[in-house]
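No value in this document is a laboratory result; all are computed from the given coordinates. Everything numeric in this text was worked out from a predicted model, so none of it was measured. Here the Cβ is made from the backbone with ideal geometry for all residues, glycine too, and neighbour counts use every protein chain on show.
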Amino acid sequence: MVSVYQENKGLTKTNNVALSMANGRYIVRLDADDKFHPDAIESLLSGFTSSQVAMVFGNWNIVDEKGGYLYTYKRHDFQKDVTLMDSPAHGACTMFRTDYLRSIGGYDEELRCQDGYELWFRIIEKFEVKSLDKVIFDYRRHGNNLTGSEDRILGTRANILRKVANSKQTKSKKALAFIPVRGSNIDSRSMPFQKVGDEFIIDLVLKEVIKTDLFERIVVSTPDDELIKYIRSNYSDEVITHGRAAATAGINTDLSLVILDYLMTDNEELKSIDYGMIIGIDRPFNKGYLIQSALDIASIFGVDNVIGVRPNNDILFNHNGSTLSGVNFASNSLRLERDDLYQMVRGFNVFNISNLKKTKSLWGPVIGHVVFDQKSAFTIESQLDVEISNMLSKI
């Protein structure tokens, strides 16, 4: 065993120090607060069944700060079930072929976290990965986990996705932002002129979208004459208004038809747009990097849609007529990745324009996702939500 004593250089730089010193054919990292199961190394080695496999990983137990068992998390079978490779392996306790890891440049030292997320994209570009139906390690969950800083993690993921998208694109993808607003005359929950902090909701949303500089066009579609006048007075250089009849602004209106109406009545410029993106005004705390991530995921994986989601870890039941039946309730404390639940974030959907024109539907068969932080996902539907959003605006 070799011990290295050094000043704290951070996770990725330290990983590269270890990689440079490694003499073995395989390498795996064990974080200080995690624990291998007795046969973990032997199990991981058994996964390298062909020369194309560069990475092997398994399942894990979640334990509390004192090591008490909470539940087991079981990954998909990546050989049989996975076609959309957007759920990377855990960064720790994943085994690599040492020479393959070196061949892709090792760890990205610009990153302070999410090294496994970044490595995943470089690995799957050239090699195969393999999952094992076996618990490999105990993952200790406590308040000081690096993975506990949600905003930092999501921001780092966004930077990784941007880098991956840039490396894959042969031509720049063009996008249109479509912001539908019913207006309070049609729906009392539609509140463009409600103030959150010192600004109207419509201003909070538009300023963040404009600041991203990601869109060829930003379109606000509404039957609200007051809103149209306001936007033309304040955003004439950045935002286009699409006036529509009140009959097309009901709660159950099919937005596919509304967007098609706009696309078909406009000029030649829109024919070069690859993606559309619906952005609602009932979420005042958009983050530009989440918008960027959604567009990058659409480009990287070629999916039909990308929606915003929040992982839902609550225990859910439905009523089957005779009893409450668990939707994601398992009495044996085994949690399967295929049973993970995600709550869709309102008013956030990237869609493929050519697919919309062909099928007359915003939705395609393959849907990707971008995970939102709690504040960005917050939705205003009531006066209580307005009060909460005013408090959130100070955070």
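Cα centroids of the stretch 335-395 and the stretch 183-201: how far apart, whole angstrom?
Between the Cα centres of the stretch 335-395 and the stretch 183-201 lies a distance of 19 Å.
Report, in degrees rounded to the nearest 10, the 0 to 90 angle that the Cα long axis of helix 150-168 makes with the longest principal axis of the chain.
Its long axis makes an angle of about 90 degrees.
Add +1 for every Lys or Arg and -1 for every Asp or Glu among the other residues with Cβ under 15 Å from the Cβ of TRP363, and state the total. Let's see the in-between values first.
Details: positive: LYS357, LYS358, LYS360; negative: ASP254, ASP304.
Once all neighbours under 15 Å are counted, the net charge is +1.
Taking loop as defined by DSSP and a crowding limit of 10 other beta carbons within 10 Å, which trypsin sites (Lys or Arg not before Pro) in the stretch 38-110 fit? Show your work: numbers first, answer last.
Values: sites: LYS66, LYS74, ARG75, LYS80, ARG97, ARG102; in loops: LYS66, ARG75, LYS80.
Those that pass, being in a loop and sparsely packed, are LYS66, LYS80.
What is the Cα centroid distance between the stretch 211-226 and the stretch 25-73, reported in whole angstrom?
48
Fewest Cβ neighbours within 10 Å first, please rank VAL309, VAL129 accordingly. Write out the running numbers ahead of the final one.
On the way: VAL309 19, VAL129 22.
With the sparsest Cβ surroundings first, the list reads VAL309, VAL129.
Stretch MET264-MET21 to full length: gain in nm at 0.36 nm per residue minus the Cα-Cα span? Let's see the in-between values first.
Details: separation 243, 0.36 × 243 = 87.48 nm, distance 6.09 nm.
81.4 nm is the gain from fully extending MET264 to MET21.
Suppose the chain between SER87 and TRP363 were pulled fully straight at 0.36 nm per residue; how much longer would it get relative to their current alpha carbon spacing? All intermediate terms of the calculation are to be shown ahead of the outcome.
Values: separation 276, 0.36 × 276 = 99.36 nm, distance 2.12 nm.
Contour length minus the Cα-Cα distance gives 97.2 nm.
Can you sort ILE202, ILE218 from fewest to most other Cβ atoms within 10 Å of each residue's own Cβ?
Values: ILE202 25, ILE218 22.
Ascending Cβ contact count within 10 Å gives the list ILE218, ILE202.
Over 25 Å between Cα atoms: which of LYS173/LYS360; LYS9/LYS163; LYS173/LYS195 fall into that group? List each step's numbers first, then the result.
Values: LYS173/LYS360 21 Å; LYS9/LYS163 23 Å; LYS173/LYS195 35 Å.
Pairs exceeding the cut-off: LYS173/LYS195.
Taking amide hydrogens as modeled 1.01 Å from N in the peptide plane, which residues meet the under 5 Å criterion relative to LYS74, leaving out close sequence neighbours?
Here the answer is ARG335, LEU336, GLU337, since their amide H atoms fall under 5 Å of that of LYS74.
Applying 1/(1 + (r/R0)^6) with R0 = 45 Å to the Cβ-Cβ distance of ASN234 and ASP340, what FRET efficiency is obtained, to the nearest 0.05? Mind dumping the intermediate values first?
Numbers: r = 42 Å, r/R0 = 0.94.
So the FRET efficiency works out to roughly 0.60.
Could you work out the percent of alpha carbon pairs in the chain separated by over 39 Å, rounded to a whole number? Mind showing how you got there, number by number?
Details: 21688 of 77815 pairs.
Percentage above 39 Å: 28.
How big, in percent, is the set of alpha carbon pairs in the stretch 11-148 lying more than 21 Å apart? Before the final figure, lay out the partial values.
On the way: 3841 of 9453 pairs.
The share of Cα pairs beyond 21 Å in the stretch 11-148 comes to 41 percent.
Is it possible to state the helix-based mean residue ellipticity at 222 nm for the chain, with each DSSP H run of 4+ residues giving -39500 (n - 2.57), the sum divided by total residues, to the nearest 500 deg cm²/dmol? What is it?
Computed ellipticity for the chain at 222 nm equals -9000 deg cm²/dmol.
Going by the alpha-carbon gyration tensor, a ≥ b ≥ c the square roots of its eigenvalues, is the stretch 25-91 rounded (a/c under 1.5) or, if a/c is not under 1.5, prolate (a/b greater than b/c) versus oblate? Before the final figure, lay out each step's value.
Values: a/c = 2.20, a/b = 1.39, b/c = 1.58.
Since a/c reaches 1.5 but b/c is at least a/b, the shape of the stretch 25-91 is classed as oblate.
In the stretch 88-158, which GluC sites (Glu not before Pro) are in a loop and have at most 14 other Cβ atoms within 10 Å, using DSSP for the loop call?
Details: sites: GLU109, GLU110, GLU118, GLU125, GLU128, GLU150; in loops: GLU109, GLU110.
Listed in order of number, the matching sites are GLU110.
Can you put ARG232, ARG29, ARG182 in order, fewest other beta carbons within 10 Å first? Can you show the working numbers first?
Numbers: ARG232 13, ARG29 19, ARG182 23.
Placing the least packed residue first, the sequence is ARG232, ARG29, ARG182.
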